[in-house]
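Asker: Handing you a structure now.
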Amino acid sequence: MTQRYDALIVGGGHNGLVCAFYLARAGLKVRVLERRHIVGGAAVTEEFAPGFRNSTASYTVSLLRPKIIRDMRLYERGWCVVERPISNFLPHDGGYLKLGGGTARTQAEFARFSTKDAAALPAYEAALERVAQVLRDLALETPPKAGGGVRALLAAAAQGRAMTRLPIAAQRDALDLFVKSARDFLDGWFENDFVKAAFGFDAVVGNYASPDTPGSAYVLLHHVFGEVNGKPGAWGHSVGGMGAITQFMAEACREVGVEISVEAPVARILVDSGKAVGVRLESGEEIAARIVAANVGPALLFRRMVDRADLPADFARRIDRYKIGSGTFRMNVALSELPDFTVLPGTAPAEHHASGIVIAPTLDYMDRAFADARAKGWSDAPIVEMTIPSLVDDGLAPAGAHVASLFCQQFAPDLPDGRSWDDEREAAADRIVATVTAHAPNFAGSIVARQIHSPLDLERKFGLVGGDIFHGHMSLDQLWAARPVLGHGDYRSPIAGLYLCGSGTHPGGGVTGAPGHNAAREILRDRSLFGGLLR
């Protein structure tokens, strides 16, 4: 091992870059090791057909924490986010529902289906916002370490105080959101199936589960604690694609001295006498470091990159049972024209084209999609969200043409009956196209090219085991201090000097940057306390 660093970051996704930035800014010699030819992990922009570029995997922005945006000076570097004119457009047989554009406008939309639901909306939004604000406040906090003594008890009390300070009604809402299914939660607020689906969709995004699954209400909440341009709960398009975020992050990292290496896949974490001492690349090269921070998921890290003999037996057994697989299938398509929806005709750009176009008209539809995926691998009527970022970013496609992102659920991480996604991916993609075409008859004929990412493709390309975009289920047993395993929710692994800084830690998935930020803080805290041991 001829090279030595203070810290190595395994994986150059956004959380890895954030962690590297804070460590280097504190004076550490840091190197990021990215297996692909481009930095950014799943938040990258790539050309997938001549003249057509798009966000390859991650496709929309809201959850990135404002502190990180400020510290890395992303706006000053040129990053721009364009808000959606409305949140979502949900076509259904014979009609549609639009969500967003302000409470009054959404109330008017809901009133077309239920005056009761329209009247309930302000209280519902206020209830979610009260709990979402607690999540925002906790996102940049380190969860207490179970079994960590007095310090952990004090940390737990401090973090729990925000919840106990809520009015009792808000505490009840919080309990509902953490333990109930999305359907049970939404049934307590609304009566119309289309209205409930408009909110219930968030509960199955990246969640291989039914809206009837207990705990799915939390996933709904997780998707509303973000903000865009200071507006809580808003979502937007990153100009230049999601890769613009990580390219500006990489620029910030280099400015503080981070060395970034692409095409440098890590094969093994090197451990000596219970302490991480570096990594071995697939090329056979070994690189020494006092600290290794892994921005890969817990399943990839501990099942494939760490020798099982270096892990405590109970920890290894629980990692074996760590739940992964988000049921996600991602496509990018090049379009010769915009979709012409039967219920809202026209190919001229309109607000519904620039929103999230969600094909999931009812909770029953979503439940059937999950049941079909478990039984057959995928549904004849899958859940599809389409965004068309070229409407606000004309650098992504040739003049007059467009690119669209299709984020699709539910697709089994592992197909039944021994079938392989290598054999089934094209048929699944055809079914997705047919699902959209049923609502926009010109869609299939407008496709110039398409890029397909099955769950297996997502694993091979981005290291997302089981195609899990969140690095692990966002269920109650895998959240906060129990993410990924109770006793190691504080970004520290059982191996001294080996830390976790990816979405498999608190606060979970999405482009938040919070795991990278928090892990860096804990690394620096340990270095300050035990600097003599780390040198």
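The values are calculated or read from the model by the stated rules, or taken from the named source; none is laboratory data. None of these values were measured; they are calculated from a predicted model. Neighbour counts are summed over all protein chains in view; Cβ atoms, including those assigned to glycine, are modelled from backbone coordinates with ideal geometry. SASA here: full protein model, heavy atoms, side chains in, ligands and nucleic acids out. Shrake-Rupley method; radii C 1.70, N 1.55, O 1.52, S 1.80 Å.
Asker: Any chance you could count how many residues in the stretch 40-59 are open to solvent by 10 Å² or more (accessible area, probe 1.4 Å) and either charged (D, E, K, R) or touching a Gly at 6+ places or on another chain (Cβ under 7 Å) (or both)?
Answerer: So the count comes out to 6.
Asker: With a cut-off of at least 1 residues that are among the charged types (D, E, K, R), name the strands (runs of 3 or more DSSP E) lying wholly within the stretch 21-104.
Answerer: Those strands (runs of 3 or more DSSP E) span 30-33, 45-49, 52-55, 81-83, 95-99.
Asker: Within the stretch 434-490, track down each residue that is open to solvent by less than 40 Å² (accessible area, probe 1.4 Å), part of a helix (DSSP H, G or I) and closer than 18 Å to R321 by Cβ.
Answerer: Answer for the stretch 434-490, where residues must be open to solvent by less than 40 Å² (accessible area, probe 1.4 Å), part of a helix (DSSP H, G or I) and closer than 18 Å to R321 by Cβ: V465, G466, Q478, A481, A482.
To keep it simple, each residue is scored yes or no on (1) without any contact (Cβ under 8 Å) to a residue 12 or more places away in the chain; (2) more than 26 Å from A42 (Cα to Cα).
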{"position": "D314", "(1), (2)": "yes, yes"}
{"position": "R321", "(1), (2)": "yes, no"}
{"position": "V333", "(1), (2)": "no, no"}
{"position": "I359", "(1), (2)": "no, no"}
{"position": "L363", "(1), (2)": "no, yes"}
{"position": "E385", "(1), (2)": "no, no"}
{"position": "I388", "(1), (2)": "no, no"}
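Asker: Residues being assigned to a helix (DSSP H, G or I), out of contact with any strand residue (DSSP E or B) (no Cβ under 8 Å at 6 or more places or on another chain) and not aliphatic (A, V, I, L, M): count how many of those fall in the stretch 1-20.
Answerer: Residues in the stretch 1-20 being assigned to a helix (DSSP H, G or I), out of contact with any strand residue (DSSP E or B) (no Cβ under 8 Å at 6 or more places or on another chain) and not aliphatic (A, V, I, L, M): 1 in total.
Asker: Hand me the list of strands (runs of 3 or more DSSP E) wholly inside the stretch 317-402 holding 3 or more residues that are of a type outside the set (A, V, I, L, M, F, W, C) and at pLDDT 95 or above.
Answerer: Output list reads 378-387.
Asker: Only one of (1) assigned to a loop (DSSP other than H, G, I, E, B); (2) surrounded by fewer than 20 Cβ atoms within 10 Å (Cβ to Cβ) is not met by A108, so which one is it?
Answerer: Against the list (1) assigned to a loop (DSSP other than H, G, I, E, B); (2) surrounded by fewer than 20 Cβ atoms within 10 Å (Cβ to Cβ), A108 comes up short only on (1).
Conditions (1) open to solvent by less than 40 Å² (accessible area, probe 1.4 Å); (2) modelled with pLDDT under 95; (3) not hydrophobic (A, V, I, L, M, F, W, C), marked per residue:
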| position | (1), (2), (3) |
| --- | --- |
| S62 | yes, yes, yes |
| I68 | yes, no, no |
| G78 | no, no, yes |
| P85 | no, yes, yes |
| G101 | no, yes, yes |
| D117 | yes, no, yes |
| L121 | yes, no, no |
| P143 | yes, yes, yes |
| R151 | no, yes, yes |
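Asker: Please count how many residues of the stretch 364-406 are of a type in the set (A, V, I, L, M, F, W, C), open to solvent by 10 Å² or more (accessible area, probe 1.4 Å) and closer than 12 Å to V204 by Cα.
Answerer: Of the residues in the stretch 364-406, 1 are of a type in the set (A, V, I, L, M, F, W, C), open to solvent by 10 Å² or more (accessible area, probe 1.4 Å) and closer than 12 Å to V204 by Cα.
Asker: Which of the following residues is in a helix (DSSP H, G or I) and either touching a residue at least 24 places away in the same chain (Cβ under 8 Å) or hydrophobic (A, V, I, L, M, F, W, C) (or both): A217, A209, A234?
Answerer: From the options A217, A209, A234, the qualifying one is A217.
Asker: With R290, R304, R280 as the choices, which residue is open to solvent by 20 Å² or more (accessible area, probe 1.4 Å) and part of a helix (DSSP H, G or I)?
Answerer: That would be R304, the only listed residue that is open to solvent by 20 Å² or more (accessible area, probe 1.4 Å) and part of a helix (DSSP H, G or I).
Asker: If you don't mind, another one. Looking at (1) in contact with a strand residue (DSSP E or B) (Cβ under 9 Å, 6 or more places away or on another chain); (2) open to solvent by less than 20 Å² (accessible area, probe 1.4 Å); (3) of a type in the set (V, I, T), find the lone condition where V296 falls short.
Answerer: It fails just one condition, (2).
Asker: A further question on this structure: Scanning the stretch 64-89 for residues that are touching a residue at least 24 places away in the same chain (Cβ under 8 Å) and among the charged types (D, E, K, R), which turns out nearest to F201 (Cα to Cα)?
Answerer: Among those residues, the one meeting the criterion is R84.
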